[in-house]
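Q: Here it is, the structure in full.
The values are calculated or read from the model by the stated rules, or taken from the named source; none is laboratory data. This is a predicted model, so every value here is computed, not measured. Because the Cβ atoms are built from the backbone with ideal geometry, glycine has one as well, and the counts that use them run over all protein chains shown.
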Amino acid sequence: MIITLKQYQEIQKLQKKHKDTEQLGIETLRLITGKDIKQISLEESEEILNAVHKELDMKDFPLVHRFKQDGVSFGFIPNLEDITVGEFIDLEALFKQDDLQLEQIMSILYRPVKKKWFKTYSIQEYTGSDKYIETYLKTDFKIILGAVVFFWTLRKSLLNHLDTYTHQTSMKNQTIA
């Protein structure tokens, strides 16, 4: 089962809104199937809700470098050392928000592939455009969560290394003095 980014965001809203698991299940069924729940058999509803629960309960979201959606090939920023100031500032601002706008984050991290050579590729320049927002909302939510987990892990690692380096430098300066 593929849960789109838009469905994932709606499920997150439903989870905040409904503390009653029965009502949450009904609303989730309606959202995922697009059907009136009166038309869904008990067996089918159980299968769907179990599949949704399994997808949402995943702990490992691998980084996906390339994917295709709506006939367009998208690629993750190929070389993070080449990230632009604009990309970095926009990502930092988005990650600081309480309500993550995952489709906006996706528009920075994944852009249409311009050229492809074997396993390498280049992507379109970053312009801050919302051109593919609707496409990103139809994408499997695990793709963006993989990228977000990757960035949080990278950021945490960099902060730990910076803290260690700062502590070591401070200790050296104290020893010298």
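Q: Kindly establish whether Ile143 is in a helix (DSSP H, G or I), among the β-branched types (Val, Ile, Thr) and in contact with a strand residue (DSSP E or B) (Cβ under 8 Å, 6 or more places away or on another chain).
A: yes
Q: Kindly evaluate Lys38 against the criterion of being farther than 21 Å from Gly146 by Cα, basic (Lys, Arg) and either surrounded by fewer than 16 Cβ atoms within 10 Å (Cβ to Cβ) or touching a Cys at 6+ places or on another chain (Cβ under 9 Å) (or both).
A: yes
Q: Check segment 101-109 and report whether any residue there is under 24 Å from Thr4 (Cβ atoms), under 10 Å from the mean Cα position of the chain (by Cα) and modelled with pLDDT under 85.
A: The answer is no; no qualifying residue exists.
Q: Another question, then. Among the residues of segment 1-35, count how many are basic (Lys, Arg) and either in contact with a strand residue (DSSP E or B) (Cβ under 7 Å, 6 or more places away or on another chain) or in contact (Cβ under 8 Å) with a residue 60 or more places away in the chain (or both).
A: Here the count works out to 1.
Q: Considering (1) modelled with pLDDT of 90 or more; (2) not assigned by TED's automatic domain parsing to the domain that holds Gly146, say which one Gly75 fails and leave the rest.
A: (2)
Q: Can you run down the residue pairs with Cβ atoms below 7 Å, 6 or more apart or on separate chains, where the first is in segment 102-131 and within 26 Å of Ile11 (Cα to Cα) and the partner is assigned to a strand (DSSP E or B)?
A: Taking only residues 6 or more apart or on different chains, the pairs are Leu109/Phe76; Tyr110/Phe74; Tyr110/Gly75; Tyr110/Phe76; Arg111/Phe74; Arg111/Gly75; Arg111/Ile123.
Q: Here is a further query. Scanning for something at pLDDT 85 or above, farther than 18 Å from Lys6 by Cα and either surrounded by 12 or more Cβ atoms within 10 Å (Cβ to Cβ) or β-branched (Val, Ile, Thr) (or both), does segment 46-60 turn up at least one residue?
A: yes
Q: So which residues in segment 100-159 are farther than 29 Å from His53 by Cβ, of a type in the set (Val, Ile, Thr) and surrounded by 13 or more Cβ atoms within 10 Å (Cβ to Cβ)?
A: Within segment 100-159, Ile108, Val113, Ile123 qualify.
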